[in-house]
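The values are calculated or read from the model by the stated rules, or taken from the named source; none is laboratory data. It should be emphasised that the depicted structure is a prediction, and the values quoted were computed from it without experimental measurement. Here Cβ is always computed from backbone atoms with ideal geometry, including for glycine, and neighbour counts include all displayed protein chains. For the accessible areas, the whole protein counts, side chains as well, though only heavy atoms, and no ligand, DNA or RNA atoms are used. Shrake-Rupley method; radii C 1.70, N 1.55, O 1.52, S 1.80 Å.
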Amino acid sequence: MRRPPRALLACSLALALVAGCLGSPGTSSPSATTSPSADSTSLPGDPVVWPDGPKERPPAPATLNESSVGEYAETHEYRYVYNSLWFDPSTEVTLECDLDGVDRDRGAWRATVTCTGYSNSDGRTDNGTITGTPGPHADYFTQTWVYWIDRSDDGDTVVHRVDAAE
């Protein structure tokens, strides 16, 4: 089977990332750790759907306070974006995320995180040989997301992620 031209791969990845920036990944259905409840329906946005990739979702903080929510939101966003930029084992992701602030609003915790970065894949195969054709490059231009974090009636941590521009 003939491989698609490199430009086509790069354009496909760029379109996928643009779609992600517009709200496709992470905004549709809940994951097991963020099942909706009566509490979660009052939070802005939707529960986070975890993207495929090498980074695991961080464990929810045992106690919700300014410090634990801020650390959780920054780590969560870093790993979420990392997985969104990751293409395959040859991918090198360069990413910087900063916590902009944490406060209480609408009875829940609200944390704002800003990230910027990019990824490159060098075209290595699973056995480590280089194919000679570099993989896709993806830019993650500076984006800011608001995390809404609360506990449901049954004690589960509820996490919603909303584009700060909305």
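In the list 59, 54, which residue meets the criterion of being farther than 20 Å from residue 150 by Cα, assigned to a loop (DSSP other than H, G, I, E, B), within 15 Å of the chain's Cα centre (by Cα) and modelled with pLDDT of 95 or more?
54
Within region 73-93, take every residue that is of a type outside the set (Ser, Thr, Tyr) and in contact (Cβ under 8 Å) with a residue 40 or more places away in the chain and give me the one that is farthest from residue 49 (Cα to Cα).
Only one residue fits best here, namely 88.
Hey, can you tell me all the residues within region 44-72 that are touching a residue at least 24 places away in the same chain (Cβ under 8 Å), in contact with a helix residue (DSSP H, G or I) (Cβ under 8 Å, 6 or more places away or on another chain), on the phi < 0 side of the Ramachandran plot and not β-branched (Val, Ile, Thr)?
Result: 47, 50, 51, 52, 54, 55, 57, 60, 61.
Taking residue 62 as meeting all but one of (1) farther than 16 Å from residue 164 by Cα; (2) open to solvent by less than 70 Å² (accessible area, probe 1.4 Å); (3) of a type in the set (A, V, I, L, M), write down the number of the exception.
In the conditions (1) farther than 16 Å from residue 164 by Cα; (2) open to solvent by less than 70 Å² (accessible area, probe 1.4 Å); (3) of a type in the set (A, V, I, L, M), residue 62 misses (2) alone.
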